[in-house]
């Protein structure tokens, strides 16, 4: 056992990607096991290692953690990315829940029927530009700091950057009305650990393609 | 200003009910504002008090908190219902997330079309009895303690008793294969703050009826 966290998921973004982002941003090396067949997944269930029969699963500090939010909260707290007190944590949680809702819409997009894709994409863009991004733009404007909460890099910043890049993949000029978010993006991309994660060869996974959709459908029977 | 937390939501369970449960279990009195018209909701948005234009909203300790999980985490942290350390918090988070997934099925149920309702009840029953309840039955059996985590009352216990009662409303005999959960249910129901919450006249809301569904559709124009 190497002592490094070990991630079990499919070889793609899905629900594990925020975990990869957070560990990478925290400078934590991790190992990955990729599910490729339904049999592999069924064996994990049979072996009783998935608390609710689901992945993501992250083995960390002697625990077999499941449920993405629980995993992310643990990592954030362990690596001091969760604010300095209860109130900062509350703000980080609120911000992260917002970006989670936005990224959730994007995550489901490739799984929706072809004739709804255009409508759903339009909704994502509308939500991003009228509901979510204005909140973070305003937060940065109001306090004038480099980071969302407590003048210090936190989980909220890492999650927001991930959401920005993911939304840009849907519409490259999505930040055109958000100058502070553009500056934020530049700053956070240059944080050394994040810069490294954004380079080819890192454990960051590529955008979801049809091949990944097929693997998901096969393994989870959906 | 009374200093008590103030909840803004519809006059029904929905996404706010777990917050009512947790505050009540912690012995914290709270006030409620009920949205009854679309105009009321639109005014809240116009006044800029809803961070992501959504309810639940909980005004607590000078913050206008939104996003149910963020609200619940804050309350749990503030009232010592979140374990004694990071690892206990991780367990509580995992358990709560699992239960939340089950509760989501119940939350959505009133909005499903009549022809799908029977199938949805079967799904809820299947998930409760095959995926979720067995986990908590096993946890209680293995450590033999009264509470799920750390031998101490926590958010996880509150969430579980809420879920048990909600599922029983749909499937009365659902706990028949789970003796530990039956004893747990009795123990939790008898804790003074919870006992009080379960009595008529408390802020606990009744199961959703047609009027509630209509109100939701009217206010949120789903």
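Values quoted throughout were computed directly from the atomic coordinates according to the rules given, and no laboratory measurement underlies them. Just so it is clear, the structure is predicted and the values come from calculations on it, not from any experiment. Methodologically, a virtual Cβ is constructed for each residue, glycine included, from the backbone with ideal geometry; neighbour enumeration extends over all protein chains shown.
Observations on the structure shown:
- Among the residues examined, residue A:60 does not qualify as touching a residue at least 24 places away in the same chain (Cβ under 8 Å) and more than 14 Å from chain B (Cβ to nearest Cβ).
- In region B:58-84, the residues that are more than 8 Å from chain A (Cβ to nearest Cβ), in a loop (DSSP other than H, G, I, E, B) and without any contact (Cβ under 8 Å) to a residue 40 or more places away in the chain: B:62, B:80
- Output for region B:144-157, where each listed residue is without any contact (Cβ under 8 Å) to a residue 40 or more places away in the chain and more than 17 Å from residue B:89 (Cα to Cα): B:144, B:145
- In region A:83-98, the residue that is farthest from the other protein chains (Cβ to nearest Cβ) out of those that are touching a residue at least 24 places away in the same chain (Cβ under 8 Å) and surrounded by fewer than 24 Cβ atoms within 10 Å (Cβ to Cβ) is A:84.
- Failed criterion for residue A:128 (all others in (1) within 9 Å of chain B (Cβ to nearest Cβ); (2) surrounded by 24 or more Cβ atoms within 10 Å (Cβ to Cβ) hold): (1)
- Region B:85-122: number of residues that are within 14 Å of chain A (Cβ to nearest Cβ), assigned to a helix (DSSP H, G or I) and over 15 Å from residue A:51 (Cβ atoms): 6
- For the residues B:91, B:72, the requirement of being within 20 Å of residue B:154 (Cα to Cα) and more than 15 Å from the chain's Cα centre (by Cα) singles out B:91.
- Qualifying residue in region A:134-157 (condition: under 17 Å from residue B:54 (Cα atoms) and touching a helix residue (DSSP H, G or I) at 6+ places or on another chain (Cβ under 7 Å)): yes
- Per the conditions (1) in contact with a strand residue (DSSP E or B) (Cβ under 8 Å, 6 or more places away or on another chain); (2) more than 21 Å from residue A:94 (Cβ to Cβ); (3) surrounded by 15 or more Cβ atoms within 10 Å (Cβ to Cβ), the sole criterion not satisfied by residue B:34 is (3).
- Residues of region B:43-57 satisfying the condition of being more than 7 Å from every other protein chain (Cβ to nearest Cβ), in a loop (DSSP other than H, G, I, E, B) and touching a strand residue (DSSP E or B) at 6+ places or on another chain (Cβ under 9 Å): B:49, B:50, B:54, B:55, B:56
- Single condition residue A:103 does not satisfy, out of (1) within 17 Å of residue A:181 (Cα to Cα); (2) within 11 Å of chain B (Cβ to nearest Cβ): (2)
- Any hit, region A:108-123, residues being surrounded by fewer than 18 Cβ atoms within 10 Å (Cβ to Cβ), within 14 Å of chain B (Cβ to nearest Cβ) and in contact with a helix residue (DSSP H, G or I) (Cβ under 9 Å, 6 or more places away or on another chain): yes
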